[in-house]
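Have a look at the structure below before the remarks.
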Amino acid sequence: MSRCRSIFLLIALFSFVISLHASAGDADPVYRSCVAQCEESGCVGDKCFQHCKFSTDGKPFDSPLHMQEPLYLRWKQWDCQSDCRYHCMLSREEERNKIGQSPIKYHGKWPFQRIYGIQEPASVAFSALNLAVQFHGWVSFFILLYYKLPLKPNKGTFYEYTGLWHIYGLLSMNSWFWSAVFHSRDVELTEKLDYSSAVALLGFSLILALMRAFNVRDEAARVMVSAPLIAFVTTHILYLNFYKLDYGLNMKVCVVMAIAQLITWAVWAGVSGHPSRWKVWTVVVGGGLAMLLEVYDFPPYKGLVDAHALWHASTIPLSFLWWSFIRDDAEYRTAALLKKTK
Ligand SMILES: [Zn+2]
């Protein structure tokens, strides 16, 4: 029973792509009239925005004046509408806070305080730390294999999954990089890059789980296992990017891929009697507990740290432990193979 529960907890860990896009705050009539007024006057209270100047004096947004804006501002897509929405949200939240109401979502997102133009500073910081942990894990794995463990005469490693974990490391780092970018500035492009990277990582980790659990070492067999999965994941990513960014469908795809790999890892850890199986199980349970943060999606404390940010924080120690398991596995397999050849 407890293993069954672990499986469900692990499912939660890997289905991190799930994101809710409901919007309650932008239906608020006070907020709506504030945005409408701001887009005409260019001001909220005594704060006025330069992006709104260009429309109030009758010039269209693509006037030469607008084109002279600094490139970094245009890249970040700061415009009159986003300035108005942000400041109307802040002033509305301040009013709500005064009468003791808790924060609500605007356009599918919690009201965050920006720091230096970064939308969700805590999530960005934790994504960057995750990136650092992944990098550390990957480099230490590399050093262990090529400098500490014995190598074959052709300089290859005895461990059969070296290449696969290298790809895993690169995909993880890529995924955390785009997560940091997306939480800095949420626009269509950064959102697609974040989602696509996460789906690619999830798909590849499923392939890896199957290869490791079923001891697929033969080149031809590896191609046969991975080809249909790679084709499916590629099609799904193309669908999200060029046809429809369908959150519901993406969630289903991610949950199915997650369930498959979680069952694989959880069962394998028990059946194989791997010496470091407790690390696998700790990641399973820890990830499940962390996932509760995504389920109880609470608003940001002081406009900074919300449930999603804490969830990104929790994957930092889990990733650390996971790479430790990967290194243990490399040592364990290498020792077993050396024993066999002797
Ligand atoms: Zn995130």
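The values are calculated or read from the model by the stated rules, or taken from the named source; none is laboratory data. Please read all numbers here as calculations on a predicted model, not as lab measurements. Cβ placement follows ideal geometry from the backbone for every residue including glycine, while neighbour counts extend to all protein chains displayed.
Which condition does Lys244 not pass, out of (1) over 25 Å from Asn130 (Cα atoms); (2) in a helix (DSSP H, G or I); (3) not acidic (Asp, Glu), if it passes all the others?
Going through (1) over 25 Å from Asn130 (Cα atoms); (2) in a helix (DSSP H, G or I); (3) not acidic (Asp, Glu) one by one, Lys244 breaks only (2).
How many residues does the stretch 302-342 contain that are polar (S, T, N, Q) and part of a loop (DSSP other than H, G, I, E, B)?
Matching residues across the stretch 302-342 total 0.
Can you tell me which of (1) out of contact with any Pro (no Cβ under 9 Å at 6 or more places or on another chain); (2) in contact (Cβ under 8 Å) with a residue 60 or more places away in the chain; (3) more than 21 Å from Ala290 (Cβ to Cβ) is the one Pro111 doesn't meet?
Condition not satisfied by Pro111: (1).
Answer with yes or no whether Pro299 is within 16 Å of the ligand (Cβ to nearest atom), assigned by TED's automatic domain parsing to the domain that holds Val124 and either surrounded by fewer than 18 Cβ atoms within 10 Å (Cβ to Cβ) or not in a helix (DSSP H, G or I) (or both).
yes
For the structure I just gave you, tell me whether Phe232 is modelled with pLDDT of 95 or more and away from the ligand (no atom under 16 Å from the Cβ). It would help to see each step written out before you state the result.
Values: modelled with pLDDT of 95 or more: yes; away from the ligand (no atom under 16 Å from the Cβ): yes.
So Phe232 passes the test.
Where the second residue is buried (at least 16 other Cβ atoms within 10 Å of the Cβ) and in a helix (DSSP H, G or I) and the first is without any contact (Cβ under 8 Å) to a residue 60 or more places away in the chain and lies in the stretch 327-342, which pairs have Cβ atoms under 9 Å and are six or more apart or on separate chains?
Asp328/Lys279
State all residues of the stretch 302-313 that are within 12 Å of the ligand (Cβ to nearest atom) and small (Gly, Ala, Ser); if no residue qualifies, say none.
Ala307, Ala309, Ala313
Can you name every residue in the stretch 92-125 that is surrounded by 15 or more Cβ atoms within 10 Å (Cβ to Cβ), under 20 Å from Ala36 (Cβ atoms) and touching a helix residue (DSSP H, G or I) at 6+ places or on another chain (Cβ under 7 Å)?
Arg92, Ile104, Lys105, Tyr106, Pro111
Taking Asn174 as the residue in question, decide whether it is within 16 Å of the ligand (Cβ to nearest atom), in contact with a helix residue (DSSP H, G or I) (Cβ under 9 Å, 6 or more places away or on another chain) and either modelled with pLDDT under 90 or hydroxyl-bearing (Ser, Thr, Tyr) (or both).
Answer is no for this residue.
Being over 18 Å from Thr315 (Cβ atoms) and in contact with an Asp or Glu (Cβ under 7 Å, 6 or more places away or on another chain) is the requirement here; does Arg217 meet it?
It is true that Arg217 is over 18 Å from Thr315 (Cβ atoms) and in contact with an Asp or Glu (Cβ under 7 Å, 6 or more places away or on another chain).
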